[in-house]
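K.L.:
Before we start, here is the structure in question, set down as structure tokens.
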Amino acid sequence: MQNQSIDFHELFQQVMLEVRAAWRYRWHALIFAWSVMIVGALLVFSLPNKYESSAQVYADTNALTNPLLRGIAMQPDPRARLDVITRTLLARPNLETVADKTGLSLRATTPAGKDALLVKLGAVVKVKDGSAKDLYEISYSDIDPAMAQRVVQAFVEVLMNDTLGENTAATVSAQDFLQQQVDGYNKRLNDAEQKLADFKKANLGNLPGPGGADYATRLQAAKGRLQDLEGQYAAAAAGRPIHRAGSGTQDIDKQIASYKDKLNDLLLKYTDEYPDVVSTRRMIEQLEARRAAIRRHPGSAVAAEAPDGTGKMAANNFSARSLAAQVAAQKREIADLKSNADKIADAQVTLQQLTRNYDVTRKQYDELVARLNTAQLSQDATQSGNNLKFRVISPPIVPLLPDGPKRGLMLLGVFILALGIGGAFGFFLHKIKPVFLSLKTLREFGDFPVIGTFSIIATSARRERRRREIVGFCAGVGLLAVVLVIGLAFNGHLANLMQHLFVLEAT
């Protein structure tokens, strides 16, 4: 700690010696400080006045969140939308619009000058949040107070117009895109429907029935019907009464309906002379004749007409022939199913693929149509007032008093800078014209022996002269401070005087 104190003491002594040596050039430093102060003050007062105009705008976002339209029309995010609008307000197209509209662009005479002017305009214009939520302030400073007001007013108008245009253009753009997608999917849906219909017509006999039964189910059902018909035929041939499912002609009606469906399917693919068409029609005629006979003689009426059994035998013979034809037709159907097994399986796989593609396209089409309807509702809601609105709370006015520059702070900075530069100049003169500061530095200078030192005896006249020099120096520094005070007190008047002089010199 003692060594550290000694080091600080020596450092302090060295600094004081340097100050005493630089003191020799105090008048040079004071003159230089005055020069810096005068030049700096002239520059500060020659700066043109800046007039700031501002406007407060309120963003009404409540209309964007109408609860009556929730779930029906698209509800945009008001904060994100507002952030995009305020950020794009200072885009170059808007800056060019404002500069041309207000006449600010006339200050630039070259393309490069106009680019610099637009860059400066974008830097000077400020868009910031106000004290309340959704309240924004637009401000601009210019040497011309009327120009400042016109620029802010132009930005407010751009904000209003861009908001209305954005509300409509964004919705219309979305609708156009959705309409294009709907048209495209509508064409794809029609193509899928046509392909599905053409395939069904070309593979009618190989496709599942109305119930959607596959090949195995259809074959099993056909075998079951054949077994039932064979049992009925055996009973009819033996002369036994035929027990059929259902009562009356219900079973025959079902068979007739089934064969008619089959006939319709065959006619879509073949002509009237096709063998299956002819046999199916013959089977329908036989079944209809049998149904008519049963309706004429319900129950055992056929057998009762001939007590000796002749009528019963005729009825059995008729039933046997009819059933034999049905058995033969059913066998042909089973043979056709077995011979076309591969075709039926391939047709079912292809049908599933076409149906799946159709279902996917149909689903996408329905979703796009629903979104298009929602977009149209949103546009109608926007046009009816459900959009982002800005309201001017405080319009821009022509400022009467300048807002800048801050000449007081600038003058204070110039005063401190003048003192610093003056002191540095005195120290610089000391360094280029050095003197020995102490006996120690004299002894360290060379190899010459130093016997000792002696001091000048200051007479009263010398002391008076030194006192006057100190008082004069302090007075010079004090006057420098007085200049600062006067500049601060008469800031506006001095600025007007300097600018008036510059105007006279220019004219």
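The values are calculated or read from the model by the stated rules, or taken from the named source; none is laboratory data. Everything numeric here is computed off the predicted structure, so don't read it as measured data. FYI the Cβ positions are ideal-geometry reconstructions off the backbone, even for glycines, and counts take in every protein chain you see.
K.L.:
Could you list, in sequence order, the residues of region 458-480 that are hydroxyl-bearing (Ser, Thr, Tyr) and part of a helix (DSSP H, G or I)?
P.N.:
Ser460
K.L.:
Search region 31-56 for residues being in a helix (DSSP H, G or I) and under 54 Å from the mean Cα position of the chain (by Cα), and hand back the single one that is farthest from His500 (Cα to Cα).
P.N.:
The selected residue is Gly40.
K.L.:
If you go through region 65-83 one residue at a time, do you hit one that is in the same structural domain as Phe390 (by TED's automatic domain parsing), at pLDDT 90 or above and more than 21 Å from Pro396 (Cβ to Cβ)?
P.N.:
Checked against the condition, which is being in the same structural domain as Phe390 (by TED's automatic domain parsing), at pLDDT 90 or above and more than 21 Å from Pro396 (Cβ to Cβ), region 65-83 yields no hits at all.
K.L.:
Could you check how many residues of region 412-427 are closer than 10 Å to Phe32 by Cβ and not aliphatic (A, V, I, L, M)?
P.N.:
4
K.L.:
Restricting to region 97-107, give me the number of residues that are without any contact (Cβ under 8 Å) to a residue 40 or more places away in the chain and surrounded by 15 or more Cβ atoms within 10 Å (Cβ to Cβ).
P.N.:
Residues meeting the conditions: 2.
K.L.:
Another question about this same structure. Consider Asn496 against the criteria (1) exposed (fewer than 13 other Cβ atoms within 10 Å of the Cβ); (2) without any contact (Cβ under 8 Å) to a residue 12 or more places away in the chain: it satisfies all of them except one. Which criterion is unmet?
P.N.:
Going through (1) exposed (fewer than 13 other Cβ atoms within 10 Å of the Cβ); (2) without any contact (Cβ under 8 Å) to a residue 12 or more places away in the chain one by one, Asn496 breaks only (1).
K.L.:
So the check is Cβ under 6 Å with 6+ separation or different chains; which pairs have a first residue in region 31-57 that's closer than 17 Å to Val398 by Cα and a second one that's assigned to a helix (DSSP H, G or I)?
P.N.:
Tyr51/Pro145; Tyr51/Ala148; Ser53/Ala148; Ser53/Gln149; Ser53/Val152; Ala55/Val152; Ala55/Val156
K.L.:
Out of Lys312, Lys254, report the one residue that is more than 60 Å from the chain's Cα centre (by Cα), modelled with pLDDT of 80 or more and charged (D, E, K, R).
P.N.:
Lys254
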